[in-house]
Amino acid sequence: MTKHVGFLLILFPVCGHLLDIKFYSNPYKYTWADALAYCREHHTDLVRVRTAEENEALQYSGWIGLSRKDATSPWKWSRGDEIAIFTPWDGEPKDNENCVNRKSDGKWECKKCDEKKPFLCYEEKLILVKENKTWEEALEHCRSLDGVVTEDPASSYRNHGYDLASLITPDDYTTARETAKEATTDEVWTGLCNLAGEWLWVGGEEMQYEDIPKCPTEGLCGVLEKNGRSPYGIRNCQQKRNFLCSKMN
Ligand SMILES: *[C@@H]1O[C@H](CO)[C@@H](O)[C@H](O)[C@H]1NC(C)=O
């Protein structure tokens with residue numbers, strides 16, 4: 001597959017850095033599965049459209065992340081696997097047409113998945129990874145999401161791709177909490193770690209909250225508790241759980 005990235009379209013307002021979502025329209029024509037692979041390699045995924053406003057803002061035509069296994073299965077989004085609720089269909093889906101193309105007028109049509117079409121990718125700042133990993137494995141996973149890991153930790157974040165999530169503002173925390181609801185574990189790793197007695201965000205931001213106890217012990221890492229009342233928990237870094245990755249830039 002070609003390495004060229006499509007045209008960048010920033011269509012949504014930025015409200016808190018983790019809510020920033022970018023959309024990419026790709027003029028190359030791929031099958032739905034190839035388009036999905038491309039989006040996952042270069043961005044986050046094929047777009048997920050949940051409201052009329054989001055659909056309107058997309059503007060372009062192309063594959064979106066909606067598909068079904070067969071005519072008797074529900075329509076699901078490729079990211080998160082949730083069932084589609086907002087579906088501006090253009091006509092009735094046919095039995096053997098299991099992938100969805102957004103037309104330029106905003107209507108959605110069902111097509112055979114092996115047809116080649118332009119496609120719409122998106123990139124989001126905050127990603128929940130539903131795999132169970134130790135804190136360090138999770139860190140590595142986040143940093144390799146877009147293939148950029150360098151020897152020097154100081155240059156492998158900030159300017160490149162993803163890191164374990166830094167939750168800097170109250171909005172970040174709200175977004176993270178919302179995202180973490182889909183986790184398969186009760187708690188998810190965040191980028192909070194204890195280095196030489198100091199708590200800091202591995203993504204480079206200084207700790208913004210005062211109410212976290214400073215812990216001098218090595219081997220402690222931060223979690224976001226899915227249903228907890230306090231924003232943060234401190235756990236042994238060797239435990240395995242789902243985790244949040246975020247992009248700083
Ligand atoms: C992760 O752990 C949770 C809780 O133990 C479990 O329900 C889930 O299936 C695990 N996920 C994977 C991908 O192993």
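The values are calculated or read from the model by the stated rules, or taken from the named source; none is laboratory data. It should be emphasised that the depicted structure is a prediction, and the values quoted were computed from it without experimental measurement. Reconstructed Cβ throughout: ideal geometry from the backbone, glycine too, with neighbour counts over all protein chains shown.
Structure above, values below:
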quantity	calculated
Failed item, numbered, when V202 is tested on (1) hydrophobic (A, V, I, L, M, F, W, C); (2) within 16 Å of the ligand (Cβ to nearest atom); (3) modelled with pLDDT under 85	(2)
Test result for G147, part of a loop (DSSP other than H, G, I, E, B), at pLDDT below 85 and within 16 Å of the ligand (Cβ to nearest atom)	no
Unique residue being in contact with a Cys (Cβ under 9 Å, 6 or more places away or on another chain) and either surrounded by fewer than 19 Cβ atoms within 10 Å (Cβ to Cβ) or under 30 Å from L244 (Cα atoms) (or both) when the list is K94, K107	K94
Matching residues in segment 51-81 - criterion: being exposed (fewer than 13 other Cβ atoms within 10 Å of the Cβ) and either of a type in the set (G, A, S) or in a loop (DSSP other than H, G, I, E, B) (or both)	T51, A52, K69, D70, A71, T72, S73, P74, D81
Sole residue being aliphatic (A, V, I, L, M), under 27 Å from K247 (Cβ atoms) and in contact (Cβ under 8 Å) with a residue 60 or more places away in the chain, chosen from V47, V100	V47
Count of residues meeting criterion [away from the ligand (no atom under 16 Å from the Cβ) and either of a type in the set (F, W, Y) or modelled with pLDDT of 90 or more (or both)] in segment 113-135	9
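Listed here are the residues, each with its yes/no results for (1) outside the structural domain of V188 (by TED's automatic domain parsing); (2) farther than 28 Å from T184 by Cα.
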| position | (1), (2) |
| --- | --- |
| E41 | yes, no |
| V49 | yes, no |
| W63 | yes, yes |
| R68 | yes, no |
| W77 | yes, no |
| E92 | yes, yes |
| E115 | yes, yes |
| N132 | no, no |
| E140 | no, no |
